[in-house]
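Student: I'd like to ask you about the structure that follows.
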Ligand SMILES: Cc1cc2nc3c(=O)[nH]c(=O)nc-3n(C[C@H](O)[C@H](O)[C@H](O)COP(=O)(O)OP(=O)(O)OC[C@H]3O[C@@H](n4cnc5c(N)ncnc54)[C@H](O)[C@@H]3O)c2cc1C
């Protein structure tokens, strides 16, 4: 993807930042407390083109590079991380179609996804587990012009507000290794036999729906098999997850930046022992450490994004960015809470929200334990004796 020039990039980020300041910050506390899906804000995001950030311009998207994509996710997350939910896995699905779909699949899905008319999601995780993707049990059996999908998917973002999902299923249960028997399907919500389970009640990431998807011989037309080729689903999904991990890393940077900015502001207003707490060296050390770690995470994220745009395989870089940024975010949210003292624990201030939102980035798009294993595997390959 060609790099966006700096002036255009700055204009886009400024538009998103204005939207967050003007429309999001005044309502976030109420929406968060009531766990309300932010319909109006999501519609405004669609008007801003945020459902088509990386979708090619020929299909109505903005065709932006992954660095700008990361900056947008960072900006939204500074205001309310939940706003990135409806466009996060939506872009993973769009990336699967853009990179591996047939011309007809691209023409059918991408323009409506870019405008936000169709909101997508990703169905990988199952009730029995998400880390061991090759152990999924959902299967798709060809029957005439259709595949019949049976199984269920768990924790699916956009479950009740999404219109279509990229779903991974086994088309050959005997394949060895298992990933060779896995295929990816574009499943429309109105497919017969497809239903959405109840919305899950979460610690944070409020407002966004997270649901179980249930497939009971769900009929999916054969032309919705991604790329019209069986057995490639695992590779298609893993490739798209590289950009998913960049977006999760960017969310972590955004939440951490908000936590830091609140802390440095508060530390100059709050006094103890006759002076602002920012004058105490113990607080200064925290502020310096927080800001340094945030910047390190940001640079790792941008580097992964840049390499992705240059067409490189970035499972290592995106994995490192997501691992470091998410752990950093949890740490910075806690440090911000400490700097706020008792008020950091009270719902009047946003600090407790950052603290509740941070763990999602540790778990989502592959847990940090699994990512660490992937990183180690890649390094051992690279440094093999
Ligand atoms: C809010 C939310 C939204 C989500 N959205 C989506 C979505 O849109 N689409 C989707 O497909 N999924 C989604 N997920 C699921 C998420 O990707 C999974 O929760 C995650 O991959 C972990 O899977 P699991 O929960 O089944 O944990 P498990 O796989 O059961 O793992 C449990 C623990 O064991 C550890 N573990 C497992 N295997 C190993 C190993 N070999 N070595 C070391 N440690 C190991 C894990 O790291 C974890 O700590 C979402 C989850 C949440 C919470």
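A short reminder: the numbers here are calculations on the coordinates, not readings from a lab. Please read these numbers as outputs of a predicted model, since none were measured by experiment. Counting neighbours? That spans all protein chains shown, and the Cβs are built from the backbone with ideal geometry, glycine included.
Student: Expressed in whole Å with the largest first, what are the equivalent ellipsoid semi-axes of segment 282-332 derived from the C-alpha gyration tensor as the square root of 5 times each eigenvalue?
Tutor: So the three semi-axes of segment 282-332 are 26, 10, 5 Å.
Student: A further question on this structure: Name the shape class, rounded, prolate or oblate, that the alpha-carbon gyration tensor gives for segment 100-209, where a ≥ b ≥ c are the square roots of its eigenvalues, rounded holds for a/c under 1.5, and otherwise prolate holds if a/b is larger than b/c and oblate otherwise.
Tutor: oblate
Student: Which length gain, in nm to one decimal place, applies between residue 131 and residue 381 when the Cα-Cα distance is subtracted from 0.36 nm times their residue separation?
Tutor: Residue separation times 0.36 nm, minus the Cα-Cα distance, leaves 87.9 nm.
Student: How far is it, in nm, from the label point at residue 117 to the one at residue 201 when both lie 7 Å from their Cα along the line to the Cβ?
Tutor: Here the modelled spin labels are 3.8 nm apart.
Student: Express in nm, to one decimal, how much length is gained between residue 30 and residue 3 on full extension, taking 0.36 nm for each residue of separation and deducting their alpha carbon distance.
Tutor: Difference between extended and current length: 5.9 nm.
Student: In cubic angstrom, how much convex hull volume per residue do the alpha carbon atoms of segment 310-361 span?
Tutor: Once divided by residue count, the hull of segment 310-361 is 78 Å³.
Student: With only alpha-carbon atoms counted, please give the Rg and Dmax of segment 6-115, in Å.
Tutor: For segment 6-115, the Cα radius of gyration and maximum Cα-Cα distance read 14.3, 44 Å.
Student: Still on this structure, please answer the following. Round to the nearest 0.05 the FRET efficiency obtained for residue 176 and residue 238 when R0 = 25 Å and r is the Cβ-Cβ distance.
Tutor: 0.85
Student: Moving on to the next point. Compute the distance from the alpha-carbon center of segment 63-123 to that of segment 356-385, in whole Å.
Tutor: About 23 Å separates the Cα centre of segment 63-123 from the one of segment 356-385.
Student: By how many nm would the segment from residue 57 to residue 222 grow when fully extended, if each residue of separation counts as 0.36 nm and the alpha-carbon distance is taken off?
Tutor: 56.7 nm
Student: For segment 1-50, state what percent of all Cα-Cα pairs lands in each successive 10 Å bin, counting from 0 Å until the bin that includes the largest distance.
Tutor: 22, 44, 24, 10, 0
Student: Please report, largest first and rounded to whole Å, the three semi-axes of the ellipsoid equivalent to segment 235-382, where each semi-axis is the square root of five times an eigenvalue of the C-alpha gyration tensor.
Tutor: Over the Cα atoms of segment 235-382, the semi-axes work out to 34, 14, 12 Å.
Student: Here's another thing I want to ask about it. Spin-label point model (7 Å from Cα, Cβ direction): what's the residue 303 to residue 43 distance in nm?
Tutor: For residue 303 paired with residue 43, the spin-label model returns 4.4 nm.
Student: Round to a whole angstrom and tell me the spacing of the C-alpha centers of segment 205-242 and segment 130-174.
Tutor: Cα centroid to Cα centroid, the span is 6 Å.
Student: Let me ask something else about it. Pop out the Kirkwood hydrodynamic radius of segment 152-227 from its pairwise C-alpha distances, inverse of mean 1/r, in Å to one decimal.
Tutor: Mean inverse Cα-Cα distance, inverted, gives 13.5 Å.
Student: Report, for segment 120-231, the % of DSSP beta bridges that are antiparallel, rounded to 5.
Tutor: Among the beta bridges of segment 120-231, antiparallel pairing accounts for roughly 85 percent.
Student: If R₀ is 30 angstrom, what is the calculated FRET efficiency for the pair residue 261 and residue 160, using the beta carbon separation as r and rounding to 0.05?
Tutor: 0.35
Student: At 20 °C and 1.002 mPa s, grab the translational diffusion coefficient of the chain from Stokes-Einstein with a Kirkwood Rh over Cα pairs, rounded to a whole number in µm² per second.
Tutor: It diffuses with D of about 100 µm²/s by this estimate.
Student: Here's a follow-up. Relative contact order of segment 120-231, please, whole-number percent, based on alpha carbon pairs below 8 angstrom and at least 6 residues apart.
Tutor: Normalised by residue count, the contact order of segment 120-231 is 32 percent.
Student: Another one. Determine, from the Cβ-Cβ distance of residue 280 and residue 345 and an R0 of 30 Å, the FRET efficiency 1/(1 + (r/R0)^6), rounded to the nearest 0.05.
Tutor: Working from the Cβ atoms, E equals 0.90.
Student: What is the distance in Å between the Cα centroid of segment 1-52 and that of segment 252-315?
Tutor: One Cα centre to the other: 21 Å.
Student: Oh, and also: Label residue 150 and residue 22 with points 7 Å out from Cα along Cα→Cβ: what is the distance between them in nm?
Tutor: If labels sit at residue 150 and residue 22, their model points lie 5.4 nm apart.
Student: OK, next. In nm², what is the average projected area of the convex hull enclosing the Cα atoms of segment 136-187?
Tutor: That works out to 4.0 nm².
Student: Could you work out the relative contact order of the chain? I mean the mean sequence separation of Cα pairs under 8 Å and 6+ apart, divided by the number of residues, in percent.
Tutor: 16
Student: Express in % the proportion of alpha carbon pairs of segment 145-274 at distances exceeding 17 Å.
Tutor: Looking at segment 145-274, the distances longer than 17 Å represent 69 percent of pairs.
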